[in-house]
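See below for the structure under consideration.
The values are calculated or read from the model by the stated rules, or taken from the named source; none is laboratory data. Computed from a prediction, not measured in an experiment: that's the story for all the values here. Note that each Cβ is placed from the backbone with ideal geometry, even for glycine, and that neighbours are counted across all protein chains shown. What goes into the accessible areas is simple: the full protein's heavy atoms, side chains included, and nothing from ligands, DNA or RNA. Shrake-Rupley method; radii C 1.70, N 1.55, O 1.52, S 1.80 Å.
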Amino acid sequence: MSTFNIAVIKGDGIGPEVTASAMNVLTKIGERFNHKFNFTESVCGGCAYDKYGEPLPKESLDICLASDSVLLGAVGGPQYDNLPYELRPERALLGVRKAMQLYANLRPAKMFEALKSVCPLKNPKNIDIMVVRELIGGIYFGEKGVRDGKMGREGYDVMAYGELEIERICRTAFELAQKRRGKVSSVDKANVLKTSGVWRKVVHEIHEDYPDVQLEDVLVDNMAMQLVREPSQFDVVVTGNLFGDILSDLASQCVGSIGILPSASINETTRGLYEPIHGSAPTIAGKNIANPIATILSAAMMLKYAFNLMEEGDAIESAVEKTLNSGARTADLREEGHEVLGTREMTDLIIKNI
Ligand code: IPM
Ligand code: MG
């Protein structure tokens, strides 16, 4: 029997509910495939601020760094909106990503056949996009501050990308494309931004090592339009931190709901951070109505990417698919003629199908 030590950041809002679902699913996988998953809670985000006065206490980060991988629900909430920047719950998430050096954020937006009717697009074709978002650089981590400017108080955030940062994220994208449909769309704003000029040059230089992959450049504004117009044209989409944040939300809605999109934040080691792309959804927290699927699918990504447990990861994905095929829906996927299930009921059905 193999043992895996997983740090769990339940976080805020719906975080505790959706992580509970994913842990139950992992426990079922452990029973079926004879693995042991140990869960250690790491208190991060708004709840850590409430308890310890800081969003990312050292002990919490140490738990993540000592684990085999981290599962995260969500952080944040309106009660923290007026906190100074350094104390906001989001600092915990960004801090864990940075401390673990997780530069590549994989966000797969794949259409489930059963959810075609929930998709807001007319006649959606098969959508299967892998957004590869750079996660620990760019404008999120550049120099920032507030100063006196000519127009009064002036906030600033520097966007910069170095060659080596661009190289490693686009290698991730090219290698993924080789295992998929062989196409990479690199998204930038090279008609305006210097950062994008360097980004584009480096992506093309590195592309020379991957002659079997087709590369195209897409400006970010055009990308937003194309994702709504014809999302099925994309395979792997590689982009910087800010554009990736925005475009992955857009891509998620193309496949039905942000409630089903998982993500893996990784680097060349096996220790990563696995989390839904949605936030803490404070307005529905604690009501047993959140969709647990994004976190459950994040656990499946953890099995595959961190632990190389392919069959086990597939078992979760098939169970989710089977459950959706049977007509089960959570409130975000509400459809006429379908009974709406709560977080726990949806989770139980998925577990039954494993
Ligand atoms: C995401 C979220 C985070 C981000 C927030 C909560 C800091 O929107 O993971 O997409 O911007 O990266
Ligand atoms: Mg986001």
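What to note about this one:
- For R229, the test of being closer than 23 Å to I277 by Cα and without any contact (Cβ under 8 Å) to a residue 12 or more places away in the chain is passed.
- Within the range 306-324, tally of residues that are exposed (fewer than 14 other Cβ atoms within 10 Å of the Cβ) and touching a residue at least 40 places away in the same chain (Cβ under 8 Å): 1
- Residue, nearest to ligand 1 (Cβ to nearest atom), within the range 246-267, restricted to residues that are open to solvent by less than 10 Å² (accessible area, probe 1.4 Å) and either without any contact (Cβ under 8 Å) to a residue 12 or more places away in the chain or part of a strand (DSSP E or B) (or both): S265
- From A22, A74, A114, A104, residue being closer than 30 Å to E321 by Cβ and at pLDDT below 95: A114
- Conditions (1) assigned to a helix (DSSP H, G or I); (2) within 14 Å of ligand 1 (Cβ to nearest atom); number of the one not met by S280: (1)
- Positions within the range 255-314 being more than 16 Å from ligand 2 (Cβ to nearest atom) and within 13 Å of the chain's Cα centre (by Cα), in sequence order: I266, G272, I293, I296, L297, A299, A300, M301, M302
- Matching entry among F234, F243 (being within 16 Å of ligand 1 (Cβ to nearest atom) and modelled with pLDDT of 95 or more): F243
- On inspection, I277 passes the criterion of being among the β-branched types (V, I, T), closer than 23 Å to T27 by Cα and open to solvent by 10 Å² or more (accessible area, probe 1.4 Å).
- Hey, M111 open to solvent by less than 40 Å² (accessible area, probe 1.4 Å), over 26 Å from I246 (Cβ atoms) and under 18 Å from the mean Cα position of the chain (by Cα) or not: no
- Candidates G53, G15, G11, filtered to the one that is under 23 Å from the mean Cα position of the chain (by Cα) and on the phi > 0 side of the Ramachandran plot: G11
- Residue count for the range 88-108 under the criterion of being over 24 Å from I316 (Cβ atoms), buried (at least 21 other Cβ atoms within 10 Å of the Cβ) and away from ligand 2 (no atom under 16 Å from the Cβ): the result is 1.
- Single unsatisfied condition, N308 versus (1) closer than 20 Å to Y274 by Cα; (2) touching a helix residue (DSSP H, G or I) at 6+ places or on another chain (Cβ under 8 Å); (3) not small (G, A, S): (2)
- Taking every residue in the range 191-214 that is closer than 17 Å to G240 by Cβ and buried (at least 19 other Cβ atoms within 10 Å of the Cβ) and pairing it with any residue that is modelled with pLDDT under 95 and of a type in the set (G, A, S), at least 6 positions away or on another chain, yields no pair with a Cβ-Cβ distance below 8 Å.
- Some residue of the range 44-56 being within 30 Å of Y161 (Cβ to Cβ) and surrounded by fewer than 21 Cβ atoms within 10 Å (Cβ to Cβ): yes
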